[in-house]
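*Asks:* Okay, here's the structure, questions in a sec.
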Amino acid sequence: MTRLALALALCLCASAAPRAPGAFDEGVRAYRDAAYANAHRQWLDALESPESNAPTVDRATLCYDLGNAAWRLERPLEAVAWYTAAIRIAPRHQDAWANLEFARSKLDLAPADRGDLQSTLRRLLAILGLAESEWLVLGTALLFAAAGAVWAWRGGALARRAMLACALLLLVALAPWIHNLRQRDKDPVMVVATGGTQAFSEPREGSQMLARLQPADVVERIDTTLPGWTRVKLDDGTPAWIEAEHVFALRR
Amino acid sequence: MRALISTLAMIALCLGLATAQRGQAREPRVIAQLTTGVTKLGAELALVVVVENAGFANLHEVPPVEGLKIGPVGSPRSMRSTTMINGRTTFSDERRWIVPVMPQRTGEFTIPPLSVDVDGTLVHTPALPLTVVEDLLGEDLGYFELSAAPPKVVEGQPFTLELVFGWDQGLANKINYANLSLPWWGQLPGALEMDPPAARPGATKYDIRLNSGDTIQVEEIEPRRVRGRPFRSFRARRIFTPTRAESLQFPTSFLEFGQVRERGGFFDTRQEKVETYYVSAEAFTIEVVPLPEEGRPLDYGGAIGSLTARATAEPRDVDVGDSIKFSVEYAGSGNLEFFAAPEPSRLESFEGFRVYGKTEKKEPDRRTIVYDIAPTRPDVSQVPSLPLPVFDPEVGRYVTVATTPLPIRVRALEGAVELANPEDESGPARDIRDIHAEATQDGGGSRPGFGLTLGVAIAAPIVALGLRLVSRRQGDPDAPMERRRRGARRKLARGLTGARDARSRLVQVHAFLAARTYEDPAAWEGRDFDVWLAEQGVQGAPEKRRAAAQGLAELTRELERAVWDERAQGAASASDERILAAADEWIGAGL
């Protein structure tokens with residue numbers, strides 16, 4: 001009985017004691033003190049090695065804050081990459097979009113959202129995350145089934161129109177889901193070398209250059225097993241090698 | 001394919017680098033001319049072919065011309081030159097063939113177009129006319145002067161070529177034909193022709209033949225006294241700008257004048273020369289020297305000549321930030337068209353102004369540049385002098401032609417600060433948005449999962465269609481009779497609101513029954529309800545169904561009695577509520 005009471009007391013004390021500040025909070029403190037390098041390090045730790053005793057911080061927030069730290073450290077291309085990674089996780093992150101477009105404009109890069117039809121459609125397709133798009137498909141499918149049941153039972157023009165409208169909604173809802181499924185397995189990387197980088201046929205100096213990539217270009221990563229080199233797929237599908245330090249993984 | 005792409009990329013890269021580093025090369029140009037357009041039998045002349053700025057050039061054999069011995073075509077003579085003005089490097093390259101021509105008889109000849117291979121493209125020169133005469137009469141009867149001013153120019157300095165010619169005024173009535181033979185016309189290597197100067201106001205202009213094929217407009221001037229006699233005189237002027245530092249050769253030119261008459265019929269009129277005279281202008285050379293390096297200002301923009309600058313500014317009384325049109329007019333003799341206009345934004349003296357842009361207007365004798373500037377501070381009191389470095393050939397050195405400062409008044413805006421310069425970092429500017437300092441939990445985002453989502457998406461239309469098939473087996477719910485049956489109760493309620501007596505109520509009940517039984521309302525008039533119920537098997541149905549059927553049957557009989565039985569007329573019939581209640585029971589029993 002005494003032991004039980006003692007154990008219970010210890011548990012209560014442990015739960016009552018204040019939680020030690022995690023890496024994220026340390027990073028915030030460092031950022032406020034203008035110690036941007038320290039803030040960057042803390043947030044990177046929080047992102048890559050989340051602490052077991054701390055609640056998991058939203059990854060989009062970490063990527064966004066890391067972008068700010070990189071910007072303050074005068075690494076603008078890295079900041080662009082972090083903001084892009086944040087938007088991949090949270091497509092409607094307003095602050096990440098704002099900072100991304102600001103950073104790109106300062107680097108004389110074309111806006112991430114050019115405002116034309118293609119960019120708008122792409123952004124609409126990516127506006128929902130994978131979970132959100134699946135729930136949307138589920139909801140519209142059930143709605144379609146219900147409308148179909150009403151139409152089957154009652155008939156009538158109104159029920160038929162409602163069912164067709166639900167069918168159309170279902171088709172529209174499928175688009176972002178399919179888009180998210182296609183993106184889920186991709187591993188994009190962004191070129192963060194000032195002045196761009198070269199893509200070679202083989203992972204060695206002096207091999208044939210296949211293409212020149214500009215800063216902030218995004219390509220799909222295929223292989224990372226070779227130290228110092230990253231294998232990517234160029235726009236035309238050709239595999240090529242790029243120096244690993246020149247690219248930044250957008251999948252975080 | 002990959003090798004081809006990479007090879008092309010390397011070539012493009014090398015060419016791009018080469019172009020960026022080496023500067024600008026001009027477009028290829030082919031010129032062909034004879035040393036003279038008119039010659040005496042027995043005199044020698046030459047066909048000169050010049051190819052400028054080509055990587056590769058080859059002159060094909062000259063086509064034979066009967067009466068002329070042409071050739072052989074030897075190896076060309078090559079020459080290269082480099083010019084650097086205002087930081088721009090320009091290269092020029094020339095290959096020159098000199099082909100001897102020996103006339104073998106008198107007559108008028110046309111040397112056909114020559115074919116020249118220029119960087120893989122076949123280029124054809126224009127045909128060249130040649131007149132060979134027995135003897136050149138006319139030196140005493142006419143005169144022809146060809147002069148250039150100045151005779152020595154620097155590269156890029158325009159010069160004026162003046163042709164003055166005429167004939168004895170005593171021959172004026174006989175002379176009705178003139179032709180200028182200018183072998184260098186349109187074929188002057190190393191020079192660009194500019195817009196001609198304006199003719200004297202009121203001068204009479206004539207079009208006379210040029211090189212037997214073209215025409216040239218000349219103006220008649222005051223008669224000149226030549227060798228003590230008055231000569232009817234004409235003049236034409238052209239302006240050229242040499243593009244490289246080498247001598248410009250002007251071969252002997254001829255004036256052919258005389259009398260012609262028309263021969264032939266209406267459809268075949270031709271001119272026949274009755275008398276022809278020739279007078280020549282001596283060949284001459286204009287020496288083109290390069291611009292001197294000594295004393296060349298760093299901001300030299302290529303201006304050459306004796307130029308003046310005059311400036312105006314409107315308005316002169318402005319507020320901070322208001323636009324001022326600062327107009328600078330350059331005039332004089334020089335390459336007004338070609339020099340780079342000065343940039344006030346690059347001058348320290350203009351640091352109190354913001355320059356928004358400029359427009360230009362070029363005329364043959366002047367060039368006007370209008371700068372759009374705005375004062376950024378109220379303490380600015382004048383539009384400063386705008387200098388232009390010019391090479392003046394007359395003094396042989398670089399001089400500065402500058403405008404005079406123009407006083408202005410700038411008023412400060414009330415409550416406003418001065419217009420900030422773009423480079424001023426203390427003013428408001430954009431920045432990134434702040435970090436998110438709250439550690440929001442990553443909930444992970446529960447998902448239905450791929451399988452469930454796909455399954456429901458596929459199942460939904462299958463379920464809808466399946467239900468539809470099933471329901472159709474029991475009758476098409478969309479059929480008009482079904483819709484009528486479903487709406488029978490609603491229609492009964494609506495009809496009863498307007499019913500005032502038993503007859504109208506009975507009509508509504510019959511309509512209801514007809515809709516529910518897919519029949520016509522007339523089928524229910526006078527129908528024996530019990531017989532019908534027996535036919536439908538209602539007698540053996542469960543109690544609820546029987547009760548519902550009997551209830552409405554009894555109600556119907558009441559209404560019929562009220563309508564048809566004279567003794568029952570006037571008595572109260574079934575109320576609307578009872579009818580609707582009975583109808584509800586009927587529907588509830590599935591009838």
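The values are calculated or read from the model by the stated rules, or taken from the named source; none is laboratory data. This structure is a prediction, so every number in the text was calculated from the model and none was measured. As a convention, Cβ positions derive from the backbone with ideal geometry for all residues, glycine included, and neighbour counts pool all protein chains shown. For accessibility, only protein heavy atoms count, side chains too; no ligands or nucleic acids. Shrake-Rupley method; radii C 1.70, N 1.55, O 1.52, S 1.80 Å.
*Asks:* Choose one of B:VAL65, A:TRP97, B:LEU146: the residue whose Cα lies farthest towards the positive end of the charge dipole of the protein assembly as shown (beta-carbon charges +1 Lys, Arg; -1 Asp, Glu; about the Cα centre).
*Replies:* The Cα lying farthest towards the positive end belongs to A:TRP97.
*Asks:* Let's test this: bin the Cα-Cα distances of the protein assembly as shown at 10 Å from zero up to the farthest pair and state each bin's percent.
*Replies:* 2, 8, 10, 10, 10, 10, 10, 9, 9, 7, 5, 4, 3, 2, 0, 0
*Asks:* Counting other Cβ atoms within 10 Å, which trypsin sites (Lys or Arg not before Pro) in the range B:90-161 have at most 15 and lie in a DSSP loop? Present the calculation step by step, with values, prior to reporting the outcome.
*Replies:* Numbers: sites: B:ARG95, B:ARG96, B:ARG105, B:LYS152; in loops: B:ARG105.
Counting only loop positions with at most 15 other Cβ atoms within 10 Å, the trypsin sites (Lys or Arg not before Pro) in the range B:90-161 are B:ARG105.
*Asks:* Please report, as a whole percent, how much of the solvent-accessible surface of the protein assembly as shown comes from carbon and sulfur atoms (probe radius 1.4 Å). Write down the numbers at each step before the final one.
*Replies:* Details: 24640 of 45610 Å².
Roughly 54 percent, rounded to a whole number.
*Asks:* Equivalent-ellipsoid semi-axes (√(5λ), Cα gyration tensor) for the range A:139-225, whole Å, largest first? Don't skip to the end; give the middle numbers.
*Replies:* Working: eigenvalues 558, 27, 16 Å².
Over the Cα atoms of the range A:139-225, the ellipsoid semi-axes are 53, 12, 9 Å.
*Asks:* Could you pull out every whole DSSP H run in chain B that spans at least 20 Å of Cα extent along its own axis and averages 0.5 or higher on the Kyte-Doolittle scale? Walk me through the intermediate numbers first.
*Replies:* On the way: long enough: B:2-22 (29 Å, 1.25); B:450-473 (35 Å, 1.37); B:502-516 (21 Å, 0.33); B:543-564 (31 Å, -0.76).
Length and hydropathy pass: B:2-22, B:450-473.
*Asks:* Over chain B, give the accessible area per residue in Å² for a 1.4 Å probe, as an integer. Intermediate results must be reported in sequence, preceding the final value.
*Replies:* Working: 32170 Å² over 591 residues.
So chain B comes to 54 Å² accessible per residue, rounded to a whole number.
*Asks:* Assign one of three labels to chain B, namely rounded, prolate or oblate, based on the Cα gyration tensor with a ≥ b ≥ c the square roots of its eigenvalues; rounded applies when a/c is under 1.5, prolate when it is not and a/b is larger than b/c, and oblate otherwise.
*Replies:* Working: a/c = 3.40, a/b = 2.50, b/c = 1.36.
Prolate is the answer for chain B, as a/c is 1.5 or above and a/b outweighs b/c.
*Asks:* Please compute the net charge surrounding B:PHE512, taking Lys and Arg as +1 and Asp and Glu as -1 over other residues with Cβ under 9 Å from its Cβ. Intermediate values should be presented prior to the final figure.
*Replies:* Values: positive: B:ARG489, B:LYS491, B:ARG516; negative: none.
Cβ neighbours under 9 Å give a net charge of +3.
*Asks:* Given a 1.4 Å probe and heavy atoms of the protein chains only, how would you sort A:ARG122, A:ARG104, largest accessible area at the top? Mind showing how you got there, number by number?
*Replies:* On the way: A:ARG122 110, A:ARG104 35 Å².
The most accessible residue leads, giving A:ARG122, A:ARG104.
*Asks:* From the backbone phi of the range B:375-383, what are the Karplus-calculated ³J(HN,Hα) couplings (6.51 cos²θ - 1.76 cosθ + 1.60, θ = phi - 60°) in whole Hz, Gly and Pro given as x?
*Replies:* Once rounded to whole Hz, the list reads x, 9, 9, x, 8, 6, 10, 7, 8.
*Asks:* Moving to a separate point now. If amide hydrogens are placed 1.01 Å from N in the peptide plane, which non-local residues have theirs closer than 5 Å to the one on B:VAL38?
*Replies:* For B:VAL38, whose amide H was placed from the backbone, the distant partners under 5 Å are B:THR131.
*Asks:* Can you run phi through the Karplus equation (6.51, -1.76, 1.60; θ = phi - 60°) for the range B:227-235 and list ³J(HN,Hα) in whole Hz, with x for Gly and Pro?
*Replies:* 6, x, 10, x, 10, 5, 10, 9, 8
*Asks:* Moving on. I need the trypsin sites (Lys or Arg not before Pro) found in the range B:197-304, filtered to DSSP loop residues with at most 13 other beta carbons within 10 Å of theirs.
*Replies:* Details: sites: B:LYS205, B:ARG209, B:ARG224, B:ARG225, B:ARG227, B:ARG232, B:ARG235, B:ARG237, B:ARG238, B:ARG244, B:ARG261, B:ARG263, B:ARG270, B:LYS273; in loops: B:ARG227, B:ARG244.
Hits after loop and neighbour filter: B:ARG227.
*Asks:* Using θ = phi - 60° and the Karplus form 6.51 cos²θ - 1.76 cosθ + 1.60, what ³J(HN,Hα) does each residue of the range A:236-252 get, whole Hz, x for Gly and Pro?
*Replies:* 8, x, 6, x, 8, 10, 10, 4, 4, 6, 8, 10, 10, 6, 8, 8, 10
*Asks:* Still on this structure, I have one more. Amide H neighbours of B:VAL399 under 5 Å, at least 5 residues apart or on other chains, H built in the peptide plane: list them.
*Replies:* B:VAL390, B:PHE391, B:ASP392
*Asks:* Let me cross-check B:VAL226: its accessible surface, 1.4 Å probe, with only protein heavy atoms counted, in Å² to the nearest 10?
*Replies:* For B:VAL226, the solvent-accessible surface is approximately 20 Å².
*Asks:* According to the square roots a ≥ b ≥ c of the eigenvalues of the Cα gyration tensor, what is the shape class of chain A, taking rounded for a/c under 1.5, prolate for a/b larger than b/c otherwise, and oblate for the remainder?
*Replies:* Numbers: a/c = 2.10, a/b = 1.09, b/c = 1.92.
Oblate, because a/c is 1.5 or more while a/b does not exceed b/c.
*Asks:* Provide the buried accessible surface between chains B and A in square angstrom, both chains summed, 1.4 Å probe, rounded to the nearest 100.
*Replies:* Numbers: alone 34220 and 15340 Å², together 45610 Å².
Using a 1.4 Å probe, the pair buries roughly 3900 Å².
*Asks:* Counting only the heavy atoms of the protein chains, how much of B:ILE462 is accessible to a 1.4 Å probe, in Å² to the nearest 10?
*Replies:* Only protein atoms counted, so the area is about 110 Å².
*Asks:* So, counting K/R as plus one and D/E as minus one, what does the shell of residues with Cβ under 15 Å around B:GLY37 add up to? Write down the numbers at each step before the final one.
*Replies:* Values: positive: B:LYS40, B:ARG209; negative: B:GLU44, B:GLU108, B:ASP214, B:GLU256, B:GLU282.
Around B:GLY37, the surrounding residues sum to -3.
*Asks:* Another question, if that's okay. Using protein chains only and a probe of 1.4 angstrom, how many square angstrom of B:HIS436 are accessible, to the nearest 10?
*Replies:* 60
*Asks:* State the dimensionless ratio Rg/Rh of the range B:104-245 (Rg: radius of gyration of Cα atoms; Rh: Kirkwood radius).
*Replies:* Values: Rg = 17.8 Å, Rh = 17.6 Å.
Answer for the range B:104-245: 1.01.
*Asks:* Show me the GluC sites (Glu not before Pro) within the range A:52-127 that DSSP assigns to loop and that have at most 12 other Cβ atoms within 10 Å of their Cβ. Don't skip to the answer; put the middle values down first.
*Replies:* On the way: sites: A:GLU74, A:GLU78, A:GLU101; in loops: A:GLU74.
Qualifying residues, ordered by number: A:GLU74.
*Asks:* Quick check for me: using +1 on Lys/Arg Cβ and -1 on Asp/Glu Cβ, what's the dipole size of chain B about its Cα centre, in debye to the nearest 20?
*Replies:* On the way: 71 positive and 81 negative charges, 372 e Å.
Approximately 1780 debye in magnitude.
*Asks:* When only C-alpha pairs under 8 Å and at least 6 residues apart count, what is the relative contact order of the range A:102-252, in percent? Spell out each step's value before the answer.
*Replies:* On the way: 200 pairs, mean separation 27.1, N = 151.
Reported as a whole number, the value is 18 percent.
*Asks:* Using the Cα atoms of the range B:338-417 to build a convex hull, what is its mean projected area in square nanometres?
*Replies:* Values: hull surface 26.9 nm².
Mean shadow area of the hull around the Cα atoms is 6.7 nm².
*Asks:* Which FRET efficiency value, to the nearest 0.05, do you get for B:ILE98 and B:THR160 by plugging their Cβ-Cβ distance into 1/(1 + (r/R0)^6) with R0 = 45 Å? Could the numbers behind the result be given before it?
*Replies:* Details: r = 28 Å, r/R0 = 0.63.
Computed FRET efficiency for B:ILE98 and B:THR160 comes out at 0.95.
*Asks:* Looking at the square roots a ≥ b ≥ c of the eigenvalues of the Cα gyration tensor of the range A:27-156, which shape do they give, rounded for a/c under 1.5, prolate if a/b is larger than b/c, or oblate? Show your work: numbers first, answer last.
*Replies:* On the way: a/c = 4.89, a/b = 1.87, b/c = 2.62.
Taking the square roots of the gyration eigenvalues as a ≥ b ≥ c, the range A:27-156 is oblate.
*Asks:* Using Cα-Cα distances under 8 Å and only pairs 6 or more residues apart, what relative contact order does the range B:494-550 have, in percent?
*Replies:* It comes to 17 percent, rounded to a whole number.
*Asks:* Another question about this same structure. Under a 5 Å amide H to amide H cut-off, with H placed in plane at 1.01 Å, what residues pair with B:LEU45 once short-range neighbours are removed?
*Replies:* Close amide H contacts, sequence-distant or interchain: B:VAL101.
*Asks:* Sequence gap at least 6, Cα distance under 8 Å: using those rules, report the relative contact order of chain A to the nearest whole percent. Provide the component values of the computation, followed by the final result.
*Replies:* Numbers: 333 pairs, mean separation 32.8, N = 252.
Once divided by the residue count of chain A, the mean separation gives 13 percent.
*Asks:* What net charge do the residues around B:GLY540 carry, taking every other residue with its C-beta under 15 Å from that of B:GLY540, with Lys and Arg at +1 and Asp and Glu at -1? It would help to have the intermediate numbers written out before the result.
*Replies:* On the way: positive: B:LYS544, B:ARG545, B:ARG546; negative: B:ASP530, B:GLU535, B:GLU543.
Summing Lys and Arg as +1 and Asp and Glu as -1 gives 0.
*Asks:* Mind giving me the FRET efficiency for B:ARG411 and A:ASP113? R0 is 35 Å, r the Cβ-Cβ distance, nearest 0.05 is fine.
*Replies:* Working: r = 44 Å, r/R0 = 1.25.
Once the sixth-power term is evaluated, E becomes 0.20.
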